[in-house]
Amino acid sequence: MSDAPVVRRVIQRVGVIGAGQMGNGIAHVCAAAGLDVVMLDVKADALARAMATIGRNMDRQVTKGTLSAEAKDAALGRIVTTSDYAGFGDCDLVIEAATEKEELKRSIFKTLVPHLNATAMIASNTSSISITRLAAGTDRPERFIGMHFMNPGPVMKLVEIIRGIATDEPTFQATMALAATLGKTTAVAEDFPGFIVNRILVPMINEAVYAVYEGVGTIASIDTGLRLGANHPMGPLELADFIGLDTCLSIMQVLHDGLSDSKYRPCPLLVKYVEAGWFGRKTGRGFYDYTVTPPKPTR
């Protein structure tokens, strides 16, 4: 093993690909921590919505006293939005936060790489896909890492850090330092399907869907049981709707394909909901109907 000192890579300017739920949360925490941010989305209206969401979320922090009005204005001023990958040319790190589909992520990295400077690092916010495999499709697998933020990014304290087989020590150390700058606690996971959190969490959600499917209990009784019986802040089906049933299904498929174990087989009822376009809160209907107040179970 070499005793040569690890070269410290400093991250001051961060790129974020995707202005959706995760992307705008990552941009928010980076800007609030004093970093310059370039946020990209192919849709201009998505960027406008993301900036409005970040503004509202920062207003909440101002109301709670966790962020000053001056700091909020300064943070918003640090975020630049674009639909042009050339905007990432002077970024130290670019974090991909696109939908949990491997082919989409691969195409994004293919487009991104020619616009990066020679020392730039890439992180994926994937919640389950192999970091080693994603990194292999780029020109810099040694400077590629998994940085899995929890949803919602500005609130949740955890970031999973996942090294691919080729990830070098300076990239790992720089990413750990960035997480500390953002005020996050890290959990370092090996590069196996689902990493730590989703390897444990999503099969629990899938089992709750099986419990509905097999008539063990109603949606309401299962969620009440886990909230009050296991002291969970949300029941598993309510949580599934919050995460997105499409995302839950994608993660179960990654676990099933990657580990070849029948215990990770997605519940047919979860598949049916996703095929119906009932993804949860973001579509207004999942295991609960969000068009009424309070939300009503859909079966």
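Find the residue count for the stretch 118-153, including only residues that are surrounded by 23 or more Cβ atoms within 10 Å (Cβ to Cβ), touching a residue at least 60 places away in the same chain (Cβ under 8 Å) and more than 18 Å from I251 (Cα to Cα).
2
Output the residues belonging to the stretch 221-237 that are assigned to a loop (DSSP other than H, G, I, E, B) and in contact (Cβ under 8 Å) with a residue 12 or more places away in the chain.
The one that is assigned to a loop (DSSP other than H, G, I, E, B) and in contact (Cβ under 8 Å) with a residue 12 or more places away in the chain: G235.
Under 6 Å between Cβ atoms, which residue pairs at least 6 apart in sequence (or on different chains) link something in the stretch 190-209 that is over 15 Å from D261 (Cα atoms) with a partner that is β-branched (V, I, T)?
Qualifying pairs under 6 Å: D191/I131; D191/T132; D191/I162; F195/I162; N198/I251; A208/I222.
Here are S107, S128: which of them is part of a helix (DSSP H, G or I) and farther than 16 Å from G23 by Cα?
Sole residue among the options that is part of a helix (DSSP H, G or I) and farther than 16 Å from G23 by Cα: S107.
Against the definition (under 25 Å from G235 (Cα atoms), outside the structural domain of R133 (by TED's automatic domain parsing) and of a type in the set (V, I, T)), how does V202 come out, yes or no?
Yes, satisfied.
Hey, can you tell me all the residues within the stretch 149-179 that are assigned to a loop (DSSP other than H, G, I, E, B) and either not assigned by TED's automatic domain parsing to the domain that holds I131 or not basic (K, R) (or both)?
Across the stretch 149-179, the qualifying residues are M150, N151, P152, G153, P154, V155, M156, G164, I165, A166, T167, D168.
Within the stretch 15-98, considering only helices (runs of 4 or more DSSP H) that don't extend past its boundaries, which have at least 1 residues that are within 28 Å of T119 (Cα to Cα) and touching a residue at least 40 places away in the same chain (Cβ under 8 Å)?
Those helices (runs of 4 or more DSSP H) span 21-32, 69-77.
How many of the residues in the stretch 255-299 are part of a loop (DSSP other than H, G, I, E, B) and of a type in the set (D, E, K, R)?
3
Run down T218, T283 and say which single residue is surrounded by 14 or more Cβ atoms within 10 Å (Cβ to Cβ), in contact (Cβ under 8 Å) with a residue 12 or more places away in the chain, outside the structural domain of V155 (by TED's automatic domain parsing) and more than 30 Å from Q12 (Cα to Cα).
The match here is T218.
Could you list, in sequence order, all residues of the stretch 233-280 that are crowded, with 20+ Cβ neighbours inside 10 Å, more than 17 Å from the chain's Cα centre (by Cα) and of a type in the set (S, T, Y)?
Residues satisfying the conditions are Y264, Y273.
Could you figure out which of (1) closer than 27 Å to E103 by Cα; (2) among the polar types (S, T, N, Q); (3) surrounded by fewer than 16 Cβ atoms within 10 Å (Cβ to Cβ) isn't true of T291?
It is condition (1) that T291 fails.
Would you check if L270 is modelled with pLDDT of 95 or more, in contact with a His (Cβ under 9 Å, 6 or more places away or on another chain) and more than 30 Å from P141 (Cβ to Cβ)?
no
The values are calculated or read from the model by the stated rules, or taken from the named source; none is laboratory data. The shown structure was predicted, so the numbers you read here are calculated from the model rather than taken from an experiment. For neighbour counting, all protein chains shown are included, and Cβ atoms are generated from backbone atoms with ideal geometry for every residue, glycine included.
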